[in-house]
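For reference, the structure discussed in these notes is given below.
No lab work stands behind these numbers, since they all come straight from the coordinates. Everything numeric in this text was worked out from a predicted model, so none of it was measured. Here the Cβ positions follow ideal geometry from the backbone for every residue, glycine too, while neighbour counts run over all protein chains shown.
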Amino acid sequence: MNNLLFALIMVLSLAPLARLHADEPRVLATVHPLTLMAASLVDNPQTLIPGNVTPHDFAFRPSDMRRLQQAEIVIWSGAANEPYMPRLIKRWPQKHWIDVSVFADPHAGHTHAPGQQDDTHHQDGHWWFDPQVMLKAQQQLAAILGLSPEPFRQQVMEQLQRSEQQLRPLRQQGFFVFHQAYDRWVDYFDLNQLGAFTISPQQKPGLRTLNAMRQQLEQHQLSCVFTEPQFSSALVSSVIGELPVQTVELDPLGRHISVTKRGYAEFLNDLTQRFVRCLTPPQH
C-alpha cells in the first residue's frame, strides 16, 4: 500500500511538469548555433540541418518537411543564407518566423582575403558570431514566448567581458581562417584577420591568393592558421609547408557544444579559448 501511495504521489507531482512541456511551443532552428540560443528559453529546441551537413549543402528530405510543418516557431538565417526558406514562409504564414539577419548591421562583416578582389555581393551571414545580433533575436523569441530575455543577456554579457579581457592582448597577432565565416567575430573584438583561404567552401582560392598567403607566412606576419573539421586540411598544409605556424581547429557551427540553457555562452567561451590558444605566441 505504501508503494502504491508513493507512486501516486510521484505521478501527481510530475503532472504539472508534463503539462508544461506539452504546452511548450515547438521551436525549430535551422542551424546549431541558433538552437543554442533558443535553448536559453525552451527545453527541447530542434535543429533542421543535420550535424554532418553544412548549410551550403543542405537539401530537404521528407522528414525535414514534417519537422518544419510541426514547428510553431522557426528561427532561420535569412534569405541570402537559406534561399529555400522564403517559399516555405509563404506556405505557412501562421508560424512565427524569426529571421536573425534583420538584426544585423549591414556594414559589418566584410573582411577580405589578401589577393582577392573586394566582392561587394559577399556578406558574411554567420550571424551567430555577432553577439548583439543573437541578443536581439533571443529578445524577439522571448517576446513571443512571454518570457524574460534577461538571464540570457546577463550570461552573454558576462562571457563577452571575459572574452574581451582574454583577447585584448592578442589583437595584433595576425591569422588566417579556412573560409570567410568569422568576420563578425573578428570585427566585434577588433582582431587581426589577414585573410581566408576561400570566401565559401564551394569557391576554391586562386593561385594569387595562395601565393599572397605564403608570402605573409614566410615574412612572419602570421602566428596562427585556423582549420575546420568538415574540410580537407590538404590545402592549408600545402600553404604552410614546414613553416612554424600554429594551427587550431574551428567549427563555425559549434556542433560539439551541448544544447543547454547556457549553450550559446559556452559557444562563445569555446571560441574564445581556441583563439587564445592559437594566437598566443609559443614560449621558447
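Things to note:
- Only aspartates and glutamates eight or more places from Lys261 in sequence, or on another chain, were considered; those with a Cα closer than 14 Å are Asp43, Glu150.
- Calculated FRET efficiency for the pair Glu218/Asp57, C-beta based, R₀ 45 Å, to 0.05: 0.85
- Highest-first arrangement of 220-227, 59-66, where packing means the average Cβ count within 10 Å: 220-227, 59-66
- Alpha carbon convex hull of the range 160-279, volume per residue in cubic angstrom: 101
- Using a simple spin-label model with pseudo-atoms 7 Å out from Cα toward Cβ, Glu72 and Ser233 lie 4.6 nm apart.
- Residue order, fewest to most beta carbons within 10 Å, for Tyr264, Tyr84: Tyr84, Tyr264
- Additional length obtainable on full extension of the chain from Arg153 to Glu249, 0.36 nm per residue less Cα span: 31.8 nm
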